[in-house]
Amino acid sequence: MKYDVIIVGAGPGGIFSAYELIRLNPELKVGVFESGHELKKRKCPIDGNKIKSCISCSSCSIMSGFGGAGAFSDGKYNITNDFGGTLYEYIGKKEALDLMHYVDELNLKYGGQGTKLYSTAGTRFKKLCLQNDLHLLDASVRHLGTDINYIVLENLYNELKDKVDFYFDTPVKMIVKHDDSYEIQCEKTSYFCEQCIVSAGRSGSKWMEKVCHHLGIETKSNRVDLGVRVELPAEIFSHLTDELYESKIVYRTEKYGDLVRTFCMNPKGAVVSENTNGIITVNGHSYEDPARQTSNTNFALLVAKHFSEPFKDSNGYGESIAKLSNMLGGGVIVQRFGDLIRGRRSTPVRMKDSFMVPTLNATPGDLSLVLPKRILDGIIEMIYALDKVAPGTANDDTLLYGVEVKFYNMEVAVNENLETCHRGLYVIGDGSGITHSLSHASASGIHVARKIIEK
Ligand SMILES: Cc1cc2nc3c(=O)[nH]c(=O)nc-3n(C[C@H](O)[C@H](O)[C@H](O)COP(=O)(O)OP(=O)(O)OC[C@H]3O[C@@H](n4cnc5c(N)ncnc54)[C@H](O)[C@@H]3O)c2cc1C
């Protein structure tokens with residue numbers, strides 16, 4: 001079977017590249033290969049009753065399938081070059097922002113109309129943060145919410161399904177280069193194409209490493225972000241979340257000079273567990289529909305860890321720490337802030353006596369046995385700093401879930417077209433190590449599609 005373009009991965013990067021290719025040239029023969037299920041078959045078996053924690057399905061419905069890792073996410077599309085990736089370093093700041101705005105238009109066109117665009121422009125919180133040694137980053141954020149995000153994906157799938165060949169439950173094993181084509185090897189069959197876009201995301205990071213090794217594509221990797229997910233009553237952050245929805249706040253610790261930042265804020269949301277290559281970590285999301293909202297807000301506090309020579313396996317380091325929490329807690333561990341600073345574990349009894357009702361059924365435990373001292377000290381410092389702009393953050397009952405790890409895919413060497421050293425082979429989205437967000441991954445897909453059409 002021969003295609004003009006084959007796309008590996010049906011996450012936002014893959015979907016938006018398919019969309020733009022077909023919009024610009026409906027004659028193109030495009031195939032999309034996805035190791036996970038089609039959207040309607042994606043269902044995580046954790047129901048809170050019979051199945052309480054991750055059972056490591058062969059294809060994780062949270063991370064894989066049509067919509068990629070973003071399918072059940074909060075659907076926060078941050079329109080900014082300040083965080084979410086470094087796409088602008090390759091294609092320029094203006095182009096990156098223009099593409100993110102274009103993606104926003106498409107999201108509105110396919111079901112997101114009526115959702116709110118929040119912005120930090122002119123906010124009084126910038127000053128309040130600065131007065132307390134905290135730095136609020138600039139961004140506009142479109143909050144689709146998990147429910148509307150799903151509808152947008154459904155509509156995009158319906159738009160594409162008759163114009164593109166989708167192969168679900170079909171992991172690509174290897175990409176082989178021939179003189180004038182690429183061979184996409186799957187379990188039973190090989191498919192061929194002139195141009196190949198690889199958008200394998202976080203879940204495809206190990207596979208991506210193998211492909212780069214096989215094709216002699218340069219890579220580098222030296223960063224992992226580690227931390228916890230904080231959950232507290234929604235009222236504590238409501239003055240910030242009502243105006244900004246998500247606030248990305250950065251703090252430099254006094255003790256070590258490390259940067260700690262808030263990440264992925266979910267007002268009235270829920271904490272969830274996430275399975276990355278068999279390792280259970282924590283994440284969060286929230287719904288746009290008030291009926292599905294909770295009375296808690298959650299966000300991550302992350303410390304970036306950069307390694308220098310000779311250590312190269314930053315993700316391995318993050319995995320080991322996550323494995324430690326899985327070993328001690330059988331999955332995600334939860335601890336009350338008051339227990340952490342008193343140097344004692346949280347127990348089911350202490351959790352029951354607390355005023356907070358957790359949204360994730362995690363194992364009460366002791367995060368100081370899991371997280372390195374330097375990282376934990378930074379998180380505690382940041383919680384006290386945030387308490388000054390959102391009093392109540394450092395309350396004894398504030399819940400900390402661990403561990404939250406933000407794995408960075410190794411950075412794949414690509415040029416300004418996101419093309420590798422092999423002509424016609426592109427690597428985009430989170431799998432390239434260049435993007436770490438829905439908006440940047442989607443924008444990279446549009447960029448590559450346009451470059452292919454220009455050719
Ligand atoms: C719970 C959760 C919440 C999140 N919330 C947000 C948010 O609110 N805002 C935000 O900006 N970001 C969020 N993110 C991150 C966001 O989802 C990712 O940045 C984004 O999905 C990256 O898009 P992508 O297309 O590059 O990769 P992915 O979405 O990871 O898609 C890659 C796809 O490739 C497939 N694949 C991998 N290897 C192969 C192979 N060998 N063969 C075939 N298919 C393969 C995978 O199954 C997957 O479906 C969240 C992530 C999670 C897990």
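Take the alpha carbon gyration tensor of the chain, find the square roots of its eigenvalues, order them as a ≥ b ≥ c, and report rounded if a/c is under 1.5; if not, report prolate when a/b exceeds b/c, else oblate.
prolate
If you keep only loop residues by DSSP, which trypsin sites (Lys or Arg not before Pro) in region 396-451 have at most 16 other Cβ atoms within 10 Å of their Cβ?
Here the sparse-neighbourhood loop sites are Arg423.
What is the chain's relative contact order, in percent, from Cα pairs under 8 angstrom and six or more apart in sequence?
RCO, the chain: 23 percent.
Please give the direction-averaged projected area of the C-alpha convex hull for region 405-455, in square nanometres with one decimal.
3.4 nm²
Less than 20 Å from a label point 7 Å out along the Cα-to-Cβ axis of Asn415: which backbone N atoms in region 77-108 qualify, by residue?
The answer is 87-93, 95-96, whose backbone nitrogens lie closer than 20 Å to the label point.
Whose amide H sits under 5 Å from the amide H of Tyr408, counting only residues 5 or more places off or on another chain, with H placed in the peptide plane?
Asp225
Based on the Cβ-Cβ distance from Asn49 to Asp169, what FRET efficiency comes out when R0 is 30 Å, to the nearest 0.05?
The pair Asn49/Asp169 has a calculated efficiency of 0.65.
Go through region 353-360 residue by residue and turn each phi into a ³J(HN,Hα) via Karplus (6.51, -1.76, 1.60, θ = phi - 60°); whole Hz please, and just put x for glycine and proline.
Per residue, the Karplus-derived 3J(HN,Hα) values read 6, 6, 7, 8, 9, x, 8, 10 Hz.
What's the extension gain from Asn277 to Glu187 if we count 0.36 nm per residue and subtract their Cα-Cα distance?
That works out to 30.4 nm of additional length.
Taking the alpha-carbon set of region 115-267, what are its Rg and Dmax in Å?
22.1, 61
Evaluate the distance, in nm, between pseudo-label points positioned 7 Å from the Cα of Glu95 and of Met1 along their respective Cα→Cβ axes.
It works out to 3.2 nm between the two label points.
Quick one: Karplus J couplings for region 213-220, per residue in order, coefficients 6.51, -1.76, 1.60, θ = phi - 60°, nearest Hz, x for Gly and Pro?
Values, residue by residue: 4, 4, 9, x, 8, 5, 9, 9 Hz.
Taking 51 Å as R0, compute the FRET efficiency from the Cβ-Cβ separation of Ser320 and Arg124 and round it to 0.05.
With R0 = 51 Å, the Cβ-Cβ based efficiency is 0.75.
In debye, nearest 20, what is the charge dipole magnitude of region 1-158 about its Cα centre with +1 on Lys and Arg Cβ and -1 on Asp and Glu Cβ, if you could check?
Dipole magnitude for region 1-158 comes out near 440 debye.
So what is the relative contact order of region 278-424, in percent, for Cα pairs below 8 Å that sit 6 or more residues apart?
31 percent
Compute the Rg to Rh ratio over region 178-235 from the alpha carbon atoms, using the Kirkwood formula for Rh, and round to two decimal places.
1.21
Highest first, please rank the peptides 292-298, 432-438 by the mean number of other Cβ atoms sitting within 10 Å of their residues.
432-438, 292-298
Once a ≥ b ≥ c are taken as the square roots of the eigenvalues of the Cα gyration tensor of region 335-455, is the result rounded (a/c under 1.5), prolate (a/b larger than b/c) or oblate (a/b not larger than b/c)?
Prolate is the answer for region 335-455, as a/c is 1.5 or above and a/b outweighs b/c.
Which peptide among 62-74, 303-315 comes first, and what is the full order, when sorted by highest mean count of other Cβ atoms within 10 Å?
My ranking of the peptides, most packed first, is 62-74, 303-315.
By its C-alpha gyration tensor, with a ≥ b ≥ c as the square roots of the eigenvalues, how is region 73-133 shaped: rounded for a/c under 1.5, else prolate for a/b larger than b/c, else oblate?
oblate
Using all C-alpha to C-alpha distances in region 23-128, build P(r) with 5 Å bins and read off the rounded percent in each one.
All Cα pairs considered, the percentages come to 2, 9, 12, 14, 18, 17, 12, 8, 6, 2, 0.
Find me the longest stretch of the chain that has none of the exposed GluC sites (Glu not before Pro), where exposed means in a DSSP loop (not H, G, I, E or B) with at most 16 other Cβ atoms within 10 Å.
Longest gap between qualifying sites, sites excluded: 255-415.
Which FRET efficiency, nearest 0.05, do Lys210 and Asn158 yield, Cβ-Cβ r, R0 30 Å?
Computed FRET efficiency for Lys210 and Asn158 comes out at 0.35.
Pop out the ³J(HN,Hα) list for region 174-180 in order, Karplus 6.51 cos²θ - 1.76 cosθ + 1.60 with θ = phi - 60°, rounded to Hz; leave Gly and Pro as x.
Each residue of region 174-180 in turn: 7, 10, 10, 8, 10, 3, 10 Hz.
Name the residues of region 364-401 whose amide N is less than 11 Å from a point 7 angstrom out from the Cα of Gln131 along the C-beta direction?
Output list for this probe position: 389.
Each reported figure results from applying straightforward, stated rules to the coordinates on display, with no laboratory input. Bear in mind that the values here come from a model prediction, so they are computed numbers and not experimental data. Heads up, the Cβs are rebuilt from the backbone with ideal geometry, glycines too, and the neighbour counts pull from every protein chain shown.
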